Structure formats: structure tokens, C-alpha cells
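Take a look at the structure below.
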Amino acid sequence: MPIQVLMPALSPTMEKGNLAKWLKKEGETIKSGDVIAEIETDKATMEVEATDEGTLGKILIPEGTADVLVNTPIATILADGESAADLAKVPAAPAPKAAEAAPAAAEAKGDAKAEAPQPAAKVPAAPVSEALPDPEIPAGTEMVTQTIREALRDAMAEEMRRDGDVFIMGEEVAEYQGAYKVTQGLLQEFGARRVIDTPITEHGFAGVGVGAAMAGLKPIVEFMTWNFAMQAIDQIINSAAKTLYMSGGQMGCSIVFRGPNGAAARVAAQHSQDYAAWYSQVPGLKVVAPYSASDYKGLLKAAIRDPNPVVFLENEMLYGHTGEIPKLDDFVVPIGKARIARAGKDVTIVSWAMGMSYALKAADELAKEGVEAEVIDLRTIRPMDTETIINSVKKTGRAVTVEEGWQQSGVGSEVAARIMEHAFDYLDAPVARVSGKDVPMPYAANLEKLALPSVAEVVAAAKAVSYR
Amino acid sequence: MATPKKTVAKESGQEKAGSPPEFSREQELKALRDMLLIRRFEEKAGQLYGMGAIGGFCHLYIGQEAVVVGMQMALKQGDEVITGYRDHGHMLACGMESRGVMAELTGRRGGYSRGKGGSMHMFSKEKHFYGGHGIVGAQVSLGTGLAFANRYRGNDNVSVTYFGDGAANQGQVYESFNMAELWKLPVIYVIENNRYAMGTSVSRASAQQDFSKRGVSFNIPGKQVDGMDVRAVKAAADEATAWCRGGNGPIILEMQTYRYRGHSMSDPAKYRTREEVEKVRHDQDPIEQVRNRLLADGVSEQDLKAIDAEVREIVNEAADFAQHDPEPDASELYTDIYR
Ligand SMILES: Cc1ncc(C[n+]2csc(CCOP(=O)(O)OP(=O)(O)O)c2C)c(N)n1
Ligand SMILES: [Mg+2]
């Protein structure tokens with residue numbers, strides 16, 4: 001029977017794409033490995049290769065078709081000896097409807113309900129954290145909707161326009177436009193002098209960045225992900241963080257180290273971990289880990305201007321998420337200030353970065369059961385805004401921390417210690433920590449899900465500290 | 001310390017020998033089958049990825065098959081192999097089973113790492129395959145350590161340490177080179193120069209583009225090899241293993257090869273032209289080269305088709321297994337952290 005060619009996925013999160021071009025015509029002979037079509041998404045283009053021999057029977061989706069759902073049959077291939085008449089044997093497959101868009105993964109597992117670990121499923125479509133007005137944004141400010149990816153790019157572009165000493169370097173930041181497309185357009189605007197592709201030499205280029213910063217430039221060093229900054233951690237800690245102190249205040253470095261941090265989808269132990277706690281231990285470093293789109297923008301601008309080394313932790317899963325960003329000439333969010341993302345009186349939930357997605361969803365769940373949670377987005381891990389946490393706990397008497405990272409010596413442990421030190425008498429229950437499990441990140445879909453914190457765990461912890 | 005016996009070093013980057021030594025019919029057939037297995041396996045993996053059965057990163061080896069197959073033909077039982085994340089071909093060449101590799105790609109309990117490692121992280125003690133590493137360049141020091149253990153134990157095993165043209169710029173590579181030569185460790189550094197590291201061509205990232213010369217300041221000999229011709233790879237591997245087993249220390253083989261597919265599954269493919277890819281495919285394909293030689297030598301098209309069919313059968317069986325094998329038991333989350 002003729003073989004169906006299905007619309008492939010370029011990534012685990014892709015749901016649909018455009019069929020840009022057919023490179024073979026109906027009736028043409030096809031060898032295994034021949035490129036037969038080109039498909040594209042907003043992020044990438046990919047060639048569809050034939051994996052079978054034969055002739056191209058029928059093109060089911062004409063070129064130029066937009067938004068073709070993954071797994072839609074796009075063509076049929078006739079094996080040797082088959083003719084056009086055999087085409088009739090292919091069961092008429094209606095294009096899957098949006099609701100059935102990604103059944104392949106679930107089916108393959110033999111469990112229709114199994115949820116593919118797609119970031120889209122884990123994170124609310126738009127951060128609910130915008131619910132409370134942000135004191136940084138004047139009332140009545142016009143807002144624009146942008147992805148976090150765009151917000152970061154704009155923050156860098158604005159600072160580069162403002163200060164000729166600011167430049168960016170890293171792997172694939174220039175010609176490729178960023179491995180995750182965060183530096184899109186920067187090379188075109190600022191040229192190769194200020195947007196610099198490096199070889200794969202993290203330890204080396206981090207050191208080059210620190211040296212340039214000692215000489216007074218203001219580098220933004222992009223790590224393709226923070227996992228690879230492990231190669232460079234010596235320069236970040238021993239050189240960047242300590243120079244001001246060791247030189248008796250003569251010489252510091254104004255530098256931003258940035259890139260995606262934390263769990264990504266299905267990339268296993270070496271590519272999926274949270275470094276917030278690691279860097280937060282180091283005096284001399286500032287550590288920023290935003291969640292909302294406007295914080296991403298305002299805090300990155302603050303980080304670039306800061307005269308100290310700043311570790312700026314982003315999240316790959318959030319890059320495509322949109323949020324409201326104030327349309328101001330110069331929107332800067334101060335480093336070191338937490339934000340109350342949701343007000344409540346019963347229990348304080350402290351989180352940051354991706355942890356906020358669990359915290360906010362849990363707060364919604366808890367509200368349904370009559371528990372009003374106050375959710376604090378730390379935004380900066382170091383220096384930590386202890387005051388905002390303590391004021392909240394004095395009000396609620398209960399606290400839960402939420403992070404994707406490991407529990408031992410985690411940021412949640414630090415928050416718990418500070419609450420104990422400063423608000424012990426106000427506590428009605430011990431602080432509870434929800435965190436990633438104490439294991440390296442597994443690859444298998446089911447195990448990966450178990451390794452990460454869940455909304456249910458946050459809800460359970462909040463109830464436990466409330467004795468409910 | 002000048003060592004006059006290092007004649008191989010003179011070849012560094014200059015000599016591109018004429019035709020490599022011929023293969024026997026048996027060798028040609030074996031090379032064809034082993035390369036076809038990798039190609040068909042990778043095509044299937046790409047397909048399963050497109051269906052959502054494989055997640056995360058999946059770096060295919062299509063185009064580079066002659067490198068691991070030619071190297072493996074020169075190794076003996078006990079020699080160690082280690083590489084980065086583009087590792088499916090290396091594992092199949094080492095004799096690891098298709099179904100176990102494929103089931104790891106789908107994250108199932110029958111995978112080589114019981115579903116915990118995925119595409120980039122598989123290992124087999126039995127086959128002396130030491131992974132499967134995700135951090136670019138890290139395997140170079142590890143492979144040097146495998147050679148250290150050989151030297152320490154006084155056996156005659158050789159560590160075959162693979163890495164890419166991009167990885168060749170990492171600092172620990174040169175720290176390893178220095179120790180390897182200083183301590184005369186039996187390690188073959190196989191640099192798989194497929195011309196690109198993600199979207200960065202060699203010329204945009206490397207001051208010294210002749211990778212066979214990367215060991216010059218450590219006195220490590222090196223050689224450029226046509227990595228699309230399995231016979232040339234095998235010949236260079238024979239020389240290199242003899243060099244290492246002879247107690248001469250490390251050696252570098254720069255394999256000039258090419259990856260046909262994107263870096264991983266999602267690749268904007270804007271950094272090279274389709275014509276460039278098509279030209280390599282058309283002129284240099286490692287599998288076609290062997291096929292054509294076999295046909296010229298009188299092997300029938302029919303016989304070659306039979307090999308392809310046998311290989312497809314193995315791959316289909318593996319894919320079937322990989323899709324139906326259950327996911328790991330939830331209790332596996334907490335196993336294998338300590339022992
Ligand atoms: C330390 C580190 N930096 C960056 C990366 C991201 N990365 C993965 S593969 C790759 C390109 C490597 O290219 P090359 O060594 O030529 O090998 P190839 O992919 O061509 O086989 C990069 C930059 C990584 N995995 N580890
Ligand atoms: Mg390469």
C-alpha cells in the first residue's frame with residue numbers, strides 16, 4: 001500500500017507549521033534521503049527527507065499552505081510496482097483537528113491520556129502574575145504585548161544604543177541570531193564589532209569578558225545555556241565576583257552573564273538543571289531570575305547598567321510566552337526588590353522564575369477551596385528582598401517555597417532560614433519547601449514529570465502548613 | 001624532546017595519499033552493511049522524532065557513517081570508545097543493539113540507560129562504550145583518562161576518543177593533549193570535522209583550520225583523513241592503533257566528513273546552501289562509494305537490495321520495540337543515584 005508522508009515536528013513543542021515548498025513533483029522518482037519538501041515555523045526551517053524509495057504519488061498539501069498540523073498526511077509515496085490506482089487504497093485521512101493535534105506521543109505510549117511533557121502544558125499561556133499592578137509601572141502607561149524573547153532582545157538593543165561600551169558575545173549570538181533566537185537582529189543593527197560569535201570555549205570567553213570588563217567595557221556574555229557555564233564558573237566566581245574586593249575597591253567589573261537556566265523539556269541530566277542556588281551563595285555576584293515579561297525586560301536593563309557582575313537566569317520554556325510590557329522610553333526594574341504577584345492573607349508562597357508558574361496555579365486552586373495565598377515573586381535571588389517576605393509572613397503566619405532546583409542548600413532553604421530568623425514568633429507552622437526531586441533530571445517522559453515539582457505538591461504543602 | 005621516529009607527524013596536514021588500500025569483498029560488504037544500518041537507523045529516528053515519540057535533542061549521524069565504521073574495523077576487543085552527543089552511530093558500530101538504542105531514544109525501560117539518559121547519554125560496559133556526553137569537549141579528558149587506565153594497568157588497549165571540529169576549541173582538549181603526550185597515553189583523538197559546529201563553520205571559529213596540526217605544540221602527530229571513504233579511515237586507524245599499541249603515546253586523526261542533516265532536529269539551515277549539501281551527497285556519499293565499488297566488482301543489485309532489506313528489518317523491529325516497550329517504572333526515579 002502506498003506510504004503516507006506525515007507533517008513532521010521540528011521540536012517537541014511544535015504543533016503546526018507551514019509547508020513552504022515542494023522540491024519533488026508528483027510522479028518523480030524518490031530515493032531514501034531525498035529532500036522532498038521544506039517546512040518552516042517562526043523559529044526554523046526544515047527539510048523533509050524521504051525515508052522510503054518509490055515515486056511521489058500525490059501531494060496532499062500544496063506548497064504555501066500555512067498552519068499544517070503535525071502528523072497531517074502531506075503526500076503519498078508509491079512503492080516500486082504501485083501505480084496511481086493504488087492511491088485509492090489509502091484511507092481518506094481527514095486533517096486532524098486542532099484538539100487532536102498531538103496524539104502521536106500519547107498513542108506511542110499506549111496511553112491516550114499520557115501528557116507529553118511539553119512546556120505549553122506546564123505553563124499558563126500568559127503569566128497570570130500581571131494580575132496585581134506593578135508599582136514600577138506608572139498608572140495609565142500604554143502596554144505592548146511581547147514575547148519574553150523579544151523583551152530580552154529589546155532590553156539589550158536599548159542599552160547598546162544608550163552606551164557604546166555595551167557589547168554581546170557568545171556562541172551563535174550573531175549570524176545564527178541566537179541559539180534560541182534571543183539576539184535576533186542585533187548583528188544587523190550593531191555590527192560584528194559589538195555582536196560577537198565566539199568559538200565553543202566557555203571558560204575562555206567568560207574570562208575574556210571579565211578582562212574586558214576590568215578594562216571598563218560592559219560585556220553581556222551569553223551562555224547558550226547555564227549548563228555550559230559550568231565550564232566557565234571559575235571566571236564567574238573567582239575573577240568576576242571577587243576582583244572588587246581583592247583590589248580594595250579599585251577595580252570591579254560591570255558584566256552580565258545571561259542565558260537559559262533550569263529544566264528544559266526532555267534533554268536529560270546534563271542539560272536540565274537550576275543554578276539559582278549555586279550562584280546565590282557568592283558575595284560579589286548579583287543573581288536575577290525573573291518570571292514576567294516586563295520583569296525580564298526591566299531587570300535585564302538594570303543588570304546591564306549595574307556596576308557589578310550580574311548572573312541573569314532566563315528560562316527557555318518561557319521565551320515564547322507573551323506578556324504586557326510598558327511602553328516607556330526607559331523602563332528599568334530595580335534589582336533586589338521582590339514583587340507581590342498576588343495578594344492574600346492565609347499563606348505566603350515564595351517563588352521566582354519558573355517556580356512562579358506552579359505557585360500561581362496553586363494559588364488559583366487554593367482560592368477555590370477558600371485559602372487565600374499571597375504569592376511573592378522574588379525576581380532577584382541575591383540580594384534577597386527579605387523585608388517583603390517577612391512582612392507577608394507576619395501577616396499570614398505560614399509560608400511555602402517553590403523551586404525547580406534541588407532542595408538541599410536550595411534557595412528555598414535560605415528563604416526558610418530567614419523567615420525563622422526574622423519572623424519565628426509569627427509562624428503558625430514550620431515553613432514547607434516544594435522543590436525538584438533529589439535526582440539528576442531523567443529523560444523518560446514519565447520520570448521527568450515526577451522529577452519536577454507540581455501544582456498539586458504546592459497545593460498540598462500550602463494546606464499542610466495551614467493544617468487543612 | 002625531539003623524537004625522530006615520529007614519521008607520521010610529517011604527514012600533518014600535507015599529504016593526502018592517493019587511493020587507500022583496497023578492501024576485500026568481505027570487508028566491502030561488512031562496511032556497507034554497517035554503514036547502512038546506521039543510516040537507516042538514523043532515518044527512522046528522525047521519523048519517530050517527527051511523530052513525537054522522541055523528545056528533546058536528537059543529533060543524527062547521517063553522512064558521517066564511514067568514520068565510525070572504518071575506525072571500528074581496526075579495533076580489537078577491549079579498545080574503548082567515547083564520544084559526544086552525536087552518538088547513535090558510534091554505539092551501533094560498537095555492536096550495541098539497535099533496539100536498545102532506539103528504546104533509549106523513546107525513553108523506555110528497554111533502553112540502554114533504562115530510559116534515563118536519552119539520545120545523548122548511553123553506555124555499554126560490555127561493548128566498552130563509555131558514552132554519550134552532552135557537554136562539548138568533556139569526553140576528551142574522559143577518553144584520555146580511559147587511556148591512562150590502560151597505561152596504568154599495562155594492557156595494550158587503546159582509547160578512541162571522538163569529538164567535533166567545534167569541540168576542538170575547548171580548553172580541556174589541550175590540557176588533555178599535554179598530559180597524554182607527557183605520559184605517553186594510548187589514545188587516538190578522532191576529530192570529526194564535519195565543517196560545522198551548529199551554525200558556525202570551521203573558518204568562522206578556528207584560527208588553525210587544519211585539525212591534524214592541533215597537537216603540534218605538544219608533539220602529538222596528526223593526519224588528515226578522507227572521512228567519507230571507509231577504506232581511508234580504516235587504513236589511518238590501522239596506523240594509529242599500531243602507533244598507540246607500540247607505546248608511542250597519543251595520535252590525532254582529523255576525519256574530513258560532513259553532516260547531511262541539521263545540527264539537531266530544529267535547525268534553521270541558513271548557514272549553508274542546499275547545493276553544498278547536495279554536492280557532498282552526490283559526489284562523496286560514503287555508502288554510495290562502497291555500493292558503486294561492489295557493483296563494479298560484479299555484485300548484483302539484487303544482493304545489495306537484500307542487505308538493505310535485512311538492515312531495514314532490524315531497524316523496523318527496533319522502532320516497533322521502542323514504541324511498545326513500557327516507560328520505566330516510577331520507582332526508577334530514585335535508583336542509580338548512589339551504589
Ligand atoms: C560546553 C558546551 N557548550 C555548548 C554546547 C551546545 N552545543 C551542543 S553541540 C554544539 C556544537 C558542537 O559542534 P562540533 O563539536 O563540531 O560537533 P558536531 O555537532 O558537528 O558533531 C554546541 C555549541 C554544549 N553542549 N556544551
Ligand atoms: Mg562539527
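The values are calculated or read from the model by the stated rules, or taken from the named source; none is laboratory data. Here the structure is a predicted model, which means the values were calculated and not measured. Neighbour counts are summed over all protein chains in view; Cβ atoms, including those assigned to glycine, are modelled from backbone coordinates with ideal geometry. Quick note on the areas: whole protein, heavy atoms, side chains included, nothing else; ligands and nucleic acids left out. Shrake-Rupley method; radii C 1.70, N 1.55, O 1.52, S 1.80 Å.
A few points about this structure:
- Among the trypsin sites (Lys or Arg not before Pro) within the range A:175-223, those in coil by DSSP and having at most 13 neighbouring Cβ atoms inside 10 Å are A:193.
- 10 Å Cβ neighbours from other chains, averaged over peptide A:449-456: 1
- In a simple Cβ point-charge model (Lys, Arg +1; Asp, Glu -1; nothing else charged), chain A has a dipole of about 1060 debye relative to its Cα centre.
- Computed accessible area, residue B:23, all protein chains, 1.4 angstrom probe, square angstrom: 30
- For the peptide B:199-206, the mean number of other protein chain Cβ atoms found within 10 angstrom of a residue's Cβ is 4.
- 0 to 90° range, to nearest 10: angle between helix A:411-423 axis and chain A longest Cα axis: 30
- For the range A:160-176, a reduction of at least 10 Å² in accessible area between the chain on its own and the assembled protein chains (probe 1.4 Å) is found at A:172, A:175, A:176.
- Overall form of the range B:182-339 per C-alpha gyration tensor (a/c, 1.5; a/b vs b/c): rounded
- Using a Förster distance of 41 Å, the FRET efficiency for residue B:270-residue A:329 (Cβ separation, nearest 0.05): 0.75
- Relative contact order (%) - criterion: Cα under 8 Å, at least six apart; region: chain B: 25
- Here the calculated FRET efficiency for residue A:456 and residue B:22, from their Cβ-Cβ distance with R0 = 45 Å, stands at 0.10, rounded to the nearest 0.05.
- Reciprocal of mean inverse Cα separation for the range A:3-78 (Kirkwood radius, Å): 12.1
- Share, in percent, of DSSP beta bridges within chain A that are antiparallel, nearest 5: 50
- Diffusion constant of the range B:61-164 at 4 °C, which comes from Stokes-Einstein with the Kirkwood Cα-pair radius and 1.567 mPa s, µm²/s: 94
- Take every Cα pair under 8 Å whose residues are at least 6 apart in sequence, average their separation, divide by the length of the range A:143-326, and the relative contact order is 28 percent.
- Lys pairs, the range A:3-78 - Cα-Cα below 26 angstrom, 8 or more residues apart or on other chains: 11
- The DSSP beta bridges internal to the range B:31-321 are antiparallel in roughly 10% of cases.
- Cα-centred dipole magnitude for the protein assembly as shown, charges only on beta-carbon of K, R (+1) and D, E (-1), debye, nearest 20: 1540
- For the range B:31-321: rounded, prolate or oblate by the Cα gyration tensor [a/c cutoff 1.5]: rounded
- Once A binds B, the 1.4 Å probe can no longer reach about 4700 Å² of accessible area, counting both sides.
- Principal-axis analysis of the Cα atoms of chain A puts helix A:455-465 at an angle of about 30° to the longest axis.
- Entries in B:213/B:234; B:127/B:234; A:297/A:394; A:327/B:270; B:184/B:213; A:181/A:297 that, when Cα-Cα distance is taken, lie over 23 Å: A:297/A:394; A:327/B:270
- With the charge dipole of the range A:143-326 set up from +1 on Lys and Arg Cβ and -1 on Asp and Glu Cβ about the Cα centre, the Cα lying farthest toward the positive end among the listed residues A:143, A:326, A:244 is that of A:244.
- The charge dipole of the range B:31-321, taken about its Cα centre with unit charges on the Cβ atoms of Lys, Arg (+1), Asp and Glu (-1) only, comes to about 680 debye.
- Estimated purely from DSSP H runs of n ≥ 4, each contributing -39500 (n - 2.57), the mean residue ellipticity at 222 nm for the protein assembly as shown is -10000 deg cm²/dmol once divided by its residues.
- Residues in the range B:202-245 reached by a label modelled at residue B:76 [backbone nitrogen below 14 Å; 7 Å Cα→Cβ]: B:238-245
- Summarising the amide proton neighbourhood of residue A:6: residues at separation of 5 or more, or on other chains, whose placed amide H is nearer than 5 Å comprise A:74.
- Over the protein assembly as shown, accessible surface divided per residue gives 39 Å², non-protein components excluded, 1.4 Å probe.
- The Cα center of the range B:65-138 and the Cα center of the range A:284-313 differ in position by 40 Å.
- Taking every DSSP bridge with both residues inside the protein assembly as shown, close to 40 percent are antiparallel.
- Helix A:293-305 axis, angle to chain A major axis (alpha carbon atoms, nearest 10°): 60
- Ordering B:141, A:409 by accessible surface, largest first, gives A:409, B:141; the 1.4 Å probe counts only protein heavy atoms, with every chain in place.
- Working from label points 7 Å from Cα in the Cα-to-Cβ sense, the residue A:464 to residue A:67 distance is 4.5 nm.
- Per-residue mean of C-beta atoms belonging to partner chains within 10 Å, peptide A:433-446: 6
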